[in-house]
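S.K.: Next up is a structure, given as structure tokens.
Derivation of every value follows stated rules applied to the coordinates shown; laboratory data play no part. Keep in mind that this is a model prediction, so the values were computed, not measured. So basically every Cβ, Gly included, is an ideal-geometry build from the backbone, and we count neighbours across all protein chains shown.
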Amino acid sequence: MRDLAWIDLALTSARPQAMGALLRYFRDLDMAEEAFQEACLRALKTWPDKGPPRDPAAWLIFVGRNSGIDQVRKRARNQPLPPEEVLSDLEDTESDLAERLDGAHYRDDILRLLFVCCHPDLPATQQIALALRIVSGLSVKQIARAFLVSEAAMEQRITRAKAKVGAAGIAFETPDAAARAERLGLVSAMIYLVFNEGYSAGLPEKADTPFCAEAIRLARLLLKLFPAEPEIMGLTALLLLQQSRLAARFDAEGQIVLLEDQDRSLWDRAMIDEALVLIDKALRHRAPGPFQIQAAIAALHARAATAAETDWVEIDLLYQTLERIQPSPVVRLNRAVAVAKREGPEAALALIEPLAGKLSGYFYFHGLRGGLLKQLGRYREAHEAFDRAIALATTSAEAAHIRQHIDQMQREAAGL
Amino acid sequence: MLYAVLCYDAESEVCAWSKEMDDKVMADLGAVNQRYAEAGKLGPVARLMPTTAAVTVRKGATENIVMDGPFAETKEQFLGFFVLQAETLDEAIAFARELSAANPANGTYEIRPLQFFNPGVPIT
């Protein structure tokens, strides 16, 4: 029992490296996956008796590679297709566990594996599903449940995504510094998408999805491979800070609790501390980027002992910086929250009114606008905005939260 | 004699633990610690953050160089330590065995006798 649990963990943690190397050998996602599965089956058979290998990833690569080559040979007997053209460096199948010393390969292998999931033709949901399936090794069932679709539908989505990636061709040459930096940027964005899918989904519907924890694991993995990249430090810190509030984000009924109303004693101190260290490390590089700035903003919330002690001036300044390097209506919207705290609802409303066209289909825009109008006592307009927000809500918790605002407003309007 | 009992394991595995599992391991290790503490034998205990949180200061030609990451890239990482007072090496080994039994991972415990020990001051 204990052995099996341990083996499961070892397979999970070795997966990105092993899959990355097998993808390099076989140059085909399905073949790499099959080979990895076969290696895992053999691990489950032999590890309980022989004990764990010293380097599980190297073991899985070696065994997976041999079983994959066997498969290709078996198929070749039935098909006239020359397998050697499909495979790379077949002749050095005997180069055994020396693989584990191959640090340079290992880094680019994992980056490539993550990178194939970020293909620009894939919509965000497919990128997320593919990464969770291929890199994290979540089951199709787990992923389907999180996306609230059937297993068959998710299976089909993943198959289609793989076909697209395969047709587009995977870049196997070792990337130069510029290409590597570009890959890192895309992969970071994809990891953030994975996190957001778990985070913004909102409890209670998706309470048991492991997306957020997986995203943090991937971010840490990326940071381990590229330890001196301040944006990856920022990404990891940002995810840790958001995840640190998990226990405080919903009440016993599954209703959303806003940041300012959260019980801060429920925040996970270990995650916050780790994030603050990463931000300190990133700052030393003096190369700010969007993830670092967002992490710094989240850190200001984490450092405030009470909501009233939040440094809104600094948060406003950080959002202004973020807007300069990454102009976006959503950033402006977030900045408006800080402006509302600093200068009041009128100034914030003036800031977001010009966004009405671009964000007309955005839940948070109407939610915030309604909240500001409500503060100004413009109840009728607030009601309209809240109604629109409810229509755009994607989870019942979001809708319920807005309804609370409306109820409260009606009590205020009635002079209660 | 004072011994440092140093814990090594693959942090990629430890970081993949669920929160429930992590909490349980910490509680189980805590129970071992408590018995030794009550017997007056256990000094400082620390768990280190992942090596991604580390920086390393090295001597440079003119000034020290601060590098991101741990001292060495290794398959297993130094994850934490316990300071134990034990009469014999066997007693220290017994303590490490208990830690190992409480820890479901394949972590390794290195026992290093202390040459010098400054317990420091209570940190505020």
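S.K.: Do you know the relative contact order of chain A, to the nearest whole percent, from alpha carbon pairs under 8 angstrom that are 6+ apart?
M.R.: Numbers: 478 pairs, mean separation 40.7, N = 416.
With pairs under 8 Å counted, the relative contact order is 10 percent.
S.K.: Cα to Cα, under 30 Å, and not fewer than 8 places away if on the same chain: which lysines meet these conditions relative to A:LYS74?
M.R.: A:LYS45, A:LYS50, A:LYS162, A:LYS164
S.K.: How tilted is helix A:103-116 with respect to the longest principal axis of chain A? Cα atoms for both, answer in degrees (0 to 90, nearest 10).
M.R.: Helix A:103-116 and the main axis of chain A meet at about 60 degrees.
S.K.: Then there is this: Going by amide H atoms built from the backbone, whose H comes under 5 Å of the H on A:GLU229, apart from near neighbours?
M.R.: Those qualifying (amide H under 5 Å, at least 5 residues apart or on another chain) number zero.
S.K.: Let me ask something else. Taking only DSSP H segments of four or more residues, each worth -39500 (n - 2.57), what value at 222 nm results for the protein assembly as shown once the sum is divided by all its residues, to the nearest 500 deg cm²/dmol? Walk me through the numbers on the way to the answer.
M.R.: Numbers: 21 runs with 322 residues, N = 540.
Value at 222 nm, helices only, nearest 500: -19500 deg cm²/dmol.
S.K.: Right, something else. Once you charge only the Cβ atoms, +1 for Lys and Arg and -1 for Asp and Glu, what is the size of the charge dipole of the protein assembly as shown about its Cα centre, to the nearest 20 debye?
M.R.: Magnitude of the dipole: close to 740 debye.
S.K.: Any idea how far the Cα center of segment A:148-170 sits from the one of segment B:12-88, in Å?
M.R.: Segment A:148-170 and segment B:12-88 have Cα centres separated by 41 Å.
S.K.: Starting from the Cα of B:LYS41, draw a straight line to each of the lysines and keep only those under 25 Å, dropping any in the same chain fewer than 8 residues away.
M.R.: Counting by Cα, and skipping residues close in sequence, B:LYS41 has these lysines nearby: B:LYS24.
S.K.: While we're looking at this one, here's another question. Just to check I understand the Karplus step: with θ = phi - 60° and J = 6.51 cos²θ - 1.76 cosθ + 1.60, what whole-Hz values come out for segment A:273-282, glycine and proline as x?
M.R.: 4, 4, 5, 5, 4, 5, 5, 4, 5, 5
S.K.: Taking Cα pairs under 8 Å and at least six residues apart, what relative contact order does segment A:1-88 come out at, in percent? The partial results should precede the final answer.
M.R.: Details: 71 pairs, mean separation 32.4, N = 88.
Result for segment A:1-88 is 37 percent.
S.K.: Pairs of Cα atoms under 8 Å, at least six residues apart: use those to get the relative contact order of chain B, whole percent.
M.R.: Working: 167 pairs, mean separation 57.7, N = 124.
Answer for chain B is 46 percent.
S.K.: Using only atoms on other chains, find how many Cβ atoms lie within 10 Å of each Cβ of peptide B:13-23 and report the average. Write down the numbers at each step before the final one.
M.R.: Numbers: counts 8, 2, 7, 12, 3, 3, 6, 0, 2, 1, 0.
Per residue, the number of nearby Cβ atoms from other chains is 4 on average.
S.K.: Determine the sum of side-chain charges near A:GLN127: Lys and Arg each +1, Asp and Glu each -1, restricted to other residues whose C-beta is under 14 angstrom from that of A:GLN127.
M.R.: Numbers: positive: A:ARG133, A:ARG157, A:ARG160, A:LYS162, A:LYS164, A:ARG183; negative: A:ASP121, A:GLU197, A:GLU214.
Counting the neighbours of A:GLN127, the net charge comes to +3.
S.K.: Report the one residue of A:PHE365, A:PRO230, A:PRO288 whose Cα lies farthest in the direction of the positive end of the charge dipole of the protein assembly as shown (charges on C-beta: Lys and Arg +1, Asp and Glu -1; origin at the Cα centre).
M.R.: After comparing all options, I get A:PHE365.
S.K.: Go through B:GLN115, A:SER150, B:ALA96 and say which Cα lies farthest out towards the positive end of the charge dipole of the protein assembly as shown; charges sit on Cβ, +1 for Lys and Arg, -1 for Asp and Glu.
M.R.: Ranked along the dipole, the leading option is A:SER150.
S.K.: For A:LYS224, go through the aspartates and glutamates and keep the ones whose alpha-carbon is under 12 Å away, minus same-chain ones fewer than eight residues off.
M.R.: B:GLU11, B:ASP68, B:GLU73
S.K.: Using θ = phi - 60° and the Karplus relation 6.51 cos²θ - 1.76 cosθ + 1.60, list the HN-Hα couplings for segment A:376-390 in order, rounded to whole Hz, with x at every Gly or Pro.
M.R.: The phi angles translate into 7, x, 8, 5, 5, 5, 4, 4, 4, 5, 4, 4, 5, 4, 4 Hz.
S.K.: If you don't mind, another one. Compute the Kirkwood hydrodynamic radius of the protein assembly as shown, taking the inverse of the mean of 1/r over all pairs of distinct Cα atoms, and give it in Å to one decimal.
M.R.: Details: mean 1/r = 0.0383 Å⁻¹.
Mean inverse Cα-Cα distance, inverted, gives 26.1 Å.
S.K.: Looking at chain A, which longest stretch skips every one of the GluC sites (Glu not before Pro) that is in a DSSP loop with at most 12 other Cβ atoms within 10 Å, leaving the sites themselves out? Before the final figure, lay out the partial values.
M.R.: Values: sites that count: A:GLU94, A:GLU173, A:GLU253.
Between the exposed loop sites, the longest stretch runs A:254-416.
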